[in-house]
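The values are calculated or read from the model by the stated rules, or taken from the named source; none is laboratory data. All figures in this text were calculated on a predicted structure; none of them were measured in a lab. For neighbour counting, all protein chains shown are included, and Cβ atoms are generated from backbone atoms with ideal geometry for every residue, glycine included. Quick note on the areas: whole protein, heavy atoms, side chains included, nothing else; ligands and nucleic acids left out. Shrake-Rupley method; radii C 1.70, N 1.55, O 1.52, S 1.80 Å.
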Amino acid sequence: MTTSAVPNPFDAMFAAGHTVLRRTDGSTHQWPVHRWCDTDADDLDRQFDTLVADRCRGSTIDLGCGPGRLVDVLVTRRIIALGVDSSGVAVSMARARGVSVLHRDIHGPLPGEGRWTTALLIDGNIGIGGAPDRVLARAAQLVRPGGTVLVEIDPEVEHIEYDEVRVEGERYASTWFPWARIGLLGAESLCHGCGLTIRQTWAHAGRQVVEMIRT
């Protein structure tokens, strides 16, 4: 196995179509790349996507959109939607399916700042860069007053867990990079500092989402 020096570890992950996440304690977790790519999603995955889309009642920006699965669902509902991802491979996959995705860092300049109705942080994207406070604050900046941020949290985590992780495939391993997982208590503690208030939480098939409103 070779270690990748590529700045973005997700390029190899999306290109391979499967990977595991290794933590510094040696434990591994299978990342559902097939679900993100919608290549082998099952009925439960599609039901979850439908439930997310049901809560997007206006223009929506998907932060860390990957290959654009959710953006595609929203567009079929005639909802204005834009995806943002730092992986060039994922962005190419999204554009190949015909959805609008920007190849950018979510913390860089983005269209419509402060005017989106909904921002999405699904598939664990609240943990990007190991800075959930910064990621959530960015999402809050993007939505209008009264707008919502939908955050998928980790039911196995109570508060916030920080770690260094890497992604591994059959023939590659990325360099280590910071990541975080947050639970419900973590979401509650973070949202207040971002001008957000939790409106409700909901769960489906072992996955949990917090709906926050910008005050």
Quiz item: If you average 1/r over every pair of different alpha-carbon atoms in region 114-184 and take one over that average, what Kirkwood value in Å do you get?
Solution: 13.2
Quiz item: Accessible area of residue 42, 1.4 Å probe, to the nearest 10 Å²?
Solution: 80
Self-check item: Of [x] -0.24, -1.52, -1.67; [y] -0.19, -1.25, -1.42; [z] -0.30, -1.21, -1.30, the label for log10 I(q)/I(0) by the Debye sum over Cα atoms at q = 0.07, 0.17, 0.18 Å⁻¹ derived from the coordinates
Solution: [y]
Quiz item: What's the longest piece of the chain with no exposed trypsin sites (Lys or Arg not before Pro), counting a site as exposed if DSSP puts it in a loop and it has at most 10 other beta carbons within 10 Å?
Solution: 79-170
Practice problem: Kindly report the accessible area of region 130-197 per residue (heavy atoms of protein chains, probe 1.4 Å, no ligands, DNA or RNA), in Å². | Solution: 44
Quiz item: Amide H neighbours of residue 208 under 5 Å, counting only residues 5+ apart in sequence or on other chains, H built in-plane at 1.01 Å?
Solution: 153
Exercise. Run through the DSSP bridge list for the chain and note the antiparallel percent, rounded to the nearest 5.
Key: 60
Quiz item: Of the chain, which part is the longest with no GluC sites (Glu not before Pro) in a loop (DSSP not H, G, I, E, B) and with at most 11 other C-beta atoms within 10 angstrom?
Solution: 1-155
Exercise. Select from 19, 148, 201 the residue whose mean-square fluctuation is largest in a Gaussian network model of the chain (Cα-Cα springs shorter than 10 Å).
Key: 201
Self-check item: By accessible area with a 1.4 Å probe, ligands and nucleic acids excluded, highest first: order of 93, 13
Solution: 93, 13
